[in-house]
Amino acid sequence: MRKDGRENDQIRSVKITDNYLMSPEGSVLIEMGNTKVICTACVEESTARHLTGTGRGWVTAEYAMLPGSTGSRKKRDRGKTDGRSIEIQRLIGRALRSVVDMEKLGERTIWIDCDVIQADGGTRTASITGAFVAMTQAMKKMKDAGMIDEIPIIGFVSAISVGIVDHEEILDLCYEEDSRAMVDMNVVMTDKGEYIEIQGTGEERPFSADELARLLSLAQNGCSALHAKQKEIIGEL
Ligand code: UDP
């Protein structure tokens, strides 16, 4: 039995509140248990510099944790983003770009901002799941405004963590589990069951191909549950 009473193959309770903020074209608050992240999507009418003149757009992401989001105060980034945040924001950007048709988006940039207001493990995976909803909301507004003819999305994206803790294979680790995991993995998937990114580490011991296959199967179930939540809000695209 896990600390919060969950089964090994059970995700935390998920709540996605859409249109959470007034100004950005897309915004959600995503809550996965005690982890809470505000994800926003803002549209800029120019693409990344290296894509100017190509007709293609760009999606980029930034990630940060509020000072009070965690037990010991997290220092604010002042000019210099810490290495962990850089790694996470690049992951979020890659995950979202993999399902966007950049030609249909046109020469525009969608800026994704993920701000963790409370951290209890799985902040990068919650960011990806929430940011996908915020991004599609922004695209719907662009379509309503006649900026694009169709929503330039080729699949849904969600992400979840899996790991081996106390020799047990478990889904959706909270901080207490994450901090003593023998094996720790973040999995990003489409709603067609395809992988976008797998970040897996043998923190305390190596893991076998069989363990990897079982962990990926756990992750697949978790991501499907999250895709269903996303579809409740967004509908089919
Ligand atoms: N954490 C923290 N302060 C930090 C970094 C991480 O309190 O500066 C905690 C936080 O609860 C986070 C967890 O450690 O969710 C796991 O961090 P990790 O780097 O594995 O990323 P995450 O699981 O949040 O994607």
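The values are calculated or read from the model by the stated rules, or taken from the named source; none is laboratory data. It should be emphasised that the depicted structure is a prediction, and the values quoted were computed from it without experimental measurement. Because the Cβ atoms are built from the backbone with ideal geometry, glycine has one as well, and the counts that use them run over all protein chains shown. Accessible surface areas use protein heavy atoms only, side chains included; no ligands, DNA or RNA. Shrake-Rupley method; radii C 1.70, N 1.55, O 1.52, S 1.80 Å.
So the values come out like this:
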{"quantity": "Neighbour-limited loop hits for trypsin sites (Lys or Arg not before Pro), the range 167-237 (at most 11 other Cβ within 10 Å; DSSP other than H, G, I, E, B)", "calculated": "Lys192"}
{"quantity": "Charge dipole magnitude, Cβ of K and R +1, D and E -1 - the range 98-225, Cα centre, debye nearest 20", "calculated": "520 debye"}
{"quantity": "Contact order normalised by residue count of the range 27-172, Cα under 8 Å, 6+ apart, percent", "calculated": "34 percent"}
{"quantity": "Dipole axis of the range 76-225 (+1 Lys, Arg; -1 Asp, Glu on Cβ), positive-most option in Ile112, Ser98, Val188", "calculated": "Ile112"}
{"quantity": "Nearest-10 value in Å² for the accessible area of Thr40, using the 1.4 Å probe", "calculated": "20 Å²"}
{"quantity": "Probe 1.4 Å, accessible area per residue of the chain, Å²", "calculated": "48 Å²"}
{"quantity": "Low-density loop positions, trypsin sites (Lys or Arg not before Pro), the range 1-110 - DSSP coil, at most 13 other Cβ in 10 Å", "calculated": "Lys3, Arg73, Lys75, Arg76, Arg78, Lys80"}
{"quantity": "Cut-off of 10 Å, at most 16 other beta carbons, DSSP loop: longest stretch of the chain lacking such GluC sites (Glu not before Pro)", "calculated": "46-149"}
{"quantity": "Carbon/sulfur fraction of accessible area - the range 1-142, other protein chains in place, 1.4 Å, %", "calculated": "47 percent"}
{"quantity": "The range 119-194 - charge dipole about Cα centre, Lys and Arg +1 at Cβ, Asp and Glu -1, debye rounded to 20", "calculated": "540 debye"}
{"quantity": "For the chain, calculated [θ]222 nm from helices alone, where every DSSP H run of n ≥ 4 adds -39500 (n - 2.57)", "calculated": "-9500 deg cm²/dmol"}
{"quantity": "Two-site FRET efficiency, Thr81 against Met1, from Cβ-Cβ distance with R₀ of 41 Å, rounded to 0.05", "calculated": "0.60"}
{"quantity": "Unit charges on C-beta of K, R, D, E only; dipole of the chain, Debye", "calculated": "720 debye"}
{"quantity": "Derived scalar couplings ³J(HN,Hα) [the range 189-204; Karplus, 6.51 cos²θ - 1.76 cosθ + 1.60; whole Hz; x for Gly, Pro]", "calculated": "9, 8, 6, 8, x, 8, 8, 10, 7, 10, 10, x, 9, x, 5, 10"}
{"quantity": "³J(HN,Hα), Karplus 6.51/-1.76/1.60, whole Hz, each residue of the range 11-21, x for Gly, Pro", "calculated": "7, 6, 5, 10, 9, 10, 9, 8, 6, 6, 10"}
{"quantity": "Neighbour net charge for Asn8 - beta-carbon separation under 14 angstrom, K R +1, D E -1", "calculated": "-4"}
{"quantity": "Accessible surface of Leu51 - all protein chains present, 1.4 Å probe, nearest 10 Å²", "calculated": "20 Å²"}
